[in-house]
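The values are calculated or read from the model by the stated rules, or taken from the named source; none is laboratory data. Owing to the predicted nature of the structure, the values given are computational and were not obtained by experimental measurement. Glycine gets a Cβ as well: all are built from the backbone with ideal geometry, and neighbour counts include every protein chain shown.
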Ligand code: SAM
Ligand code: SF4
């Protein structure tokens with residue numbers, strides 16, 4: 001029997017995450033799906049994902065496009081390529097876009113993003129919602145992008161445990177847990193719908209760490225969460241420590257638990273889930289997630305944005321990604337909220 005999740009304890013969460021009985025797990029996931037439908041409805045909202053650039057100044061130990069990985073061919077999309085992808089998303093009736101990239105903070109780059117946000121707003125008559133996922137920036141830059149028209153921002157804390165954070169990042173000022181947390185709070189203060197999240201199944205991570213992550217997410221009161229499995233990339237320090245990827249079970253239990261703890265937030269079914277299982281994102285939706293981010297990046301550069309290995313659809317273009325996703329969602333009986341922003345119902349509460 002599922003308890004009241006309003007005041008769920010760390011011990012209870014650990015118990016749910018440790019559950020191994022398949023029947024009990026399925027009942028738990030089904031319960032979370034019910035909580036979602038009762039609170040925010042059954043629709044899934046789409047955010048077309050544009051991977052602006054794989055150039056990054058950072059060296060996170062898990063990420064395939066980290067600065068020091070010399071096997072990566074670096075790219076930056078042109079303004080025309082970005083606007084074409086945005087135009088596709090708008091015509092395809094995706095309510096929103098996500099602009100994601102490696103982290104860079106120099107003024108010519110941040111000005112470029114400001115102008116892109118304004119132009120995307122212009123070409124879509126203000127109709128496309130814009131989410132950014134461009135790493136840690138100064139509060140002034142976040143403010144500038146907000147005023148240009150971006151209204152949601154995703155910045156994962158990656159793990160809420162500072163010690164673990166320092167095991168999965170170099171120990172220097174560019175990779176500071178406190179700075180990351182400050183940036184998330186800055187985003188909230190400016191007025192963004194703010195999203196965070198963690199990686200699940202990291203080397204050195206315990207189930208207790210994951211329970212703490214869920215309690216952290218609830219405590220800081222974000223409006224959206226994108227969390228997914230950690231996946232191996234051989235050209236990274238962490239990737240050399242693991243030989244195979246995990247199953248989807250733990251991620252689904254995390255999503256279901258979070259949905260019951262925070263019934264009104266937006267929760268993404270991330271692409272990483274699809275790497276583990278072809279229908280991983282659809283299973284996440286049936287366990288409480290309500291957002292999917294189909295890839296819109298042009299096929300010419302997709303292969304260069306491999307944050308983990310075996311990223312699906314790297315040879316596809318936006319039209320193929322769209323038709324595959326629609327087909328999969330239809331097959332799973334999942335309804336799409338076409339042309340809707342699908343803002344978080346937890347925002348401004
Ligand atoms: N550079 C920005 C940042 O780090 O916030 C945005 C882009 S970054 C590629 C987006 C997310 O990818 C990160 O927050 C991290 O959680 C995730 N990521 C990176 N490497 C990963 C891996 N090997 N497995 C799973 N997720 C990974
Ligand atoms: Fe750069 Fe983001 Fe990858 Fe870290 S996770 S190396 S900041 S792209």
Of (1) in contact with a strand residue (DSSP E or B) (Cβ under 7 Å, 6 or more places away or on another chain); (2) within 29 Å of residue 84 (Cα to Cα); (3) part of a helix (DSSP H, G or I), residue 274 satisfies all except one. Which? (1)
Of all residues in the range 224-240, which are surrounded by fewer than 23 Cβ atoms within 10 Å (Cβ to Cβ) and more than 8 Å from ligand 1 (Cβ to nearest atom)? 234, 235, 237, 240
Out of (1) within 13 Å of ligand 1 (Cβ to nearest atom); (2) modelled with pLDDT of 95 or more; (3) over 19 Å from residue 204 (Cβ atoms), the odd one out for residue 249 is which? (1)
Select the helices (runs of 4 or more DSSP H) contained entirely in the range 74-164, then report the ones holding at least 3 residues which are within 16 Å of ligand 1 (Cβ to nearest atom). 107-123, 139-148
Do the conditions hold for residue 41, that is, is it at positive phi and away from ligand 1 (no atom under 14 Å from the Cβ)? yes
Collect the residues in the range 35-68 that are closer than 25 Å to residue 317 by Cα, outside any strand (DSSP E or B) and under 17 Å from the mean Cα position of the chain (by Cα), keeping them in residue-number order. 54, 63, 64, 65
Does residue 24 fit the bill of being without any contact (Cβ under 8 Å) to a residue 12 or more places away in the chain, in a helix (DSSP H, G or I) and away from ligand 2 (no atom under 16 Å from the Cβ)? yes
Is it the case that some residue within the range 206-223 is within 11 Å of ligand 1 (Cβ to nearest atom) and over 19 Å from the mean Cα position of the chain (by Cα)? no
Please work out which one of (1) surrounded by fewer than 17 Cβ atoms within 10 Å (Cβ to Cβ); (2) within 16 Å of ligand 1 (Cβ to nearest atom) is the condition residue 56 fails and give its number. (1)
Among the numbered conditions (1) touching a strand residue (DSSP E or B) at 6+ places or on another chain (Cβ under 9 Å); (2) touching a residue at least 40 places away in the same chain (Cβ under 8 Å), tell me where residue 130 comes up short. (2)
Kindly indicate which of 62, 109 is surrounded by 15 or more Cβ atoms within 10 Å (Cβ to Cβ) and without any contact (Cβ under 8 Å) to a residue 24 or more places away in the chain. 109
